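Scroll down for the structure; my scribbles are underneath it.
The values are calculated or read from the model by the stated rules, or taken from the named source; none is laboratory data. Remember, it's a predicted structure, so these values are computed and weren't measured experimentally. Reconstructed Cβ throughout: ideal geometry from the backbone, glycine too, with neighbour counts over all protein chains shown. Note: accessible area is taken over every heavy atom of the protein model, side chains too, but ligands, DNA and RNA are not part of it. Shrake-Rupley method; radii C 1.70, N 1.55, O 1.52, S 1.80 Å.
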Amino acid sequence: MAKNKEAMNSMKMQAANEVGVPLKQNGYNGDLTAKQVGSVGGQMVRKMIESYENNNR
């Protein structure tokens, strides 16, 4: 379970970096806008879909 959480956090940080959102690894991120948080979530979904499609061809 901890391994999955680490992988998800890693993906989240990578997605934040790709869309230019200054996400803090361990700390308060309540100062981010809904648009910024949505950008990170959207990028994570894109990456998960891409991974699924690449593994199921």
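Tell me yes or no: at least one residue of region 19-29 is of a type outside the set (A, V, I, L, M, F, W, C) and assigned to a helix (DSSP H, G or I).
no
Which residues, counting only those in region 31-48, are open to solvent by 50 Å² or more (accessible area, probe 1.4 Å) and not acidic (Asp, Glu)?
Within region 31-48, THR33, ALA34, LYS35, GLN36, VAL37, VAL45, ARG46, LYS47, MET48 qualify.
With respect to the numbered conditions (1) at pLDDT below 95; (2) surrounded by 14 or more Cβ atoms within 10 Å (Cβ to Cβ); (3) of a type in the set (Ser, Thr, Tyr), which one is the sole condition not fulfilled by SER51?
(2)
Sort through SER39, SER10, SER51 and tell me the only one that's free of Cβ contacts under 8 Å to residues at least 24 places away in the same chain, in contact with a helix residue (DSSP H, G or I) (Cβ under 8 Å, 6 or more places away or on another chain) and assigned to a helix (DSSP H, G or I).
Testing whether each residue is free of Cβ contacts under 8 Å to residues at least 24 places away in the same chain, in contact with a helix residue (DSSP H, G or I) (Cβ under 8 Å, 6 or more places away or on another chain) and assigned to a helix (DSSP H, G or I) leaves just SER39.
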